[in-house]
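Enquirer: Handing you a structure now.
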Amino acid sequence: MPDTVSFGYEDVAPSEKTRRVGQVFSSVASRYDLMNDAMSAGMHRLWKDQFVRRVKPRAGEAILDMAGGTGDIAFRLAQSGAAITVADINPEMLAVGVERAAERGFDELVWTEANAETLQFPDRFFDAYTIAFGIRNVTDIPAALREAHRVLRRGGRFFCLEFSTTVWPGFAEVYDAYSHHLVPQLGKLLAGDAESYRYLIESIRRFPDMPTFEAMIRDAGFVQTRAEPILGGLVAIHSGWKI
C-alpha cells in the first residue's frame, strides 16, 4: 500500500483517508437519497435497477452487499428471495438502513459492520458480492478486491456499480460543470454540508477509468471481467467471475 492515497484532490496518509471518509458518511447518512439525487440528477435509481438486473439474484443464494449501509441495493436484491448480508464500515449508515428496512418490511436482511479490506467472513462463503458507489471510498482498493474474491465461492460473481469517466464528447464538460459547481451548493442548501459533497465529487475525478479499474479486478483474481458503460461511462457496471 502506498504512503499516501487520494482523498478528493488531496493526497493523505491511508489512516487519514479512512478517518475522513468515515466523517463524510456519518455526515450524509441521514440524507443519503438526497446526496445521490444531487450527484446523479436523480438517475441513480434507474442505474441501481439496471445493476441488480445484471446481478440476477436467485432464491437460495447468499449475497454480500458491501458498503450497502442504507439498503438501497439490498432491498432490490432481497425481492428475489436470496439471503442478503449488508455490510458497511460506517455504523451511522447501517442505522439508517436498519430503520428503512423495518419501515419496508425487510426483516430477513442481516446487517453487519465490516471493513471491505479485512472482511470477517470465511473463505468461499457467498455466491455473489455487490458494491454500489462504495469502492472509490475504500482506502486500499486492491485489498478490498482481493477480499471480495476470497469470500466468493467458485463460480461466484462480483458486481460493482461506480462513477467513472464518460467518453461522450461534450457531455463530460457539462457534467463537470454541474458536479463541481452546482452539487456542493446543493449540498450546502439542502443538507448544510457543502464540503462532504465536494469530496464525493472530487473522489469521482480521482477514481481510475474503466480499463484501469477492470485491470485491477483481474489482478485480484477474477476472470471474464467486463465494464458496461452507462451514459458513455459516466457510470459503469463492472463484473467478474471467480473460478
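Enquirer: Can you name every residue in the range 115-139 that is small (Gly, Ala, Ser) and closer than 23 Å to GLY8 by Cα? Please lay out each step first, then the result.
Expert: Just the residues of the range 115-139 that are small (Gly, Ala, Ser), to begin with: 116, 128, 132, 134.
Correct list: ALA116, ALA132, GLY134.
Enquirer: Now a separate question. Name every residue in the range 112-123 that is within 18 Å of the chain's Cα centre (by Cα) and surrounded by fewer than 19 Cβ atoms within 10 Å (Cβ to Cβ), in order of residue number.
Expert: Here is the first cut: in the range 112-123, the residues within 18 Å of the chain's Cα centre (by Cα) are 112-119.
Hits for the range 112-123 are THR112, GLU113, ASN115, THR118.
Enquirer: Here's a check for you: in the range 12-39, which residue that is touching a residue at least 60 places away in the same chain (Cβ under 8 Å) and over 23 Å from ASN115 (Cβ atoms) is surrounded by the most Cβ atoms within 10 Å (Cβ to Cβ)?
Expert: The qualifying residue surrounded by the most Cβ atoms within 10 Å (Cβ to Cβ) is ALA38.
Enquirer: Where in the range 124-243 are there strands (runs of 3 or more DSSP E), lying wholly inside it, with at least 3 residues that are surrounded by fewer than 21 Cβ atoms within 10 Å (Cβ to Cβ)?
Expert: On the way: elements: 126-132, 152-163, 223-230, 235-241.
The qualifying strands (runs of 3 or more DSSP E) are 152-163, 223-230.
Enquirer: Still on this structure: So which of GLU108, GLU99 is out of contact with any Lys or Arg (no Cβ under 9 Å at 6 or more places or on another chain), charged (D, E, K, R) and part of a helix (DSSP H, G or I)? If you could, list the steps in order and put the result at the bottom.
Expert: Details: GLU108 fails: part of a helix (DSSP H, G or I).
Residue meeting the stated conditions: GLU99.
Rule-based calculations on the coordinates, nothing more; no lab input. All values derive from a computational prediction rather than experimental measurement. Neighbour counts are summed over all protein chains in view; Cβ atoms, including those assigned to glycine, are modelled from backbone coordinates with ideal geometry.
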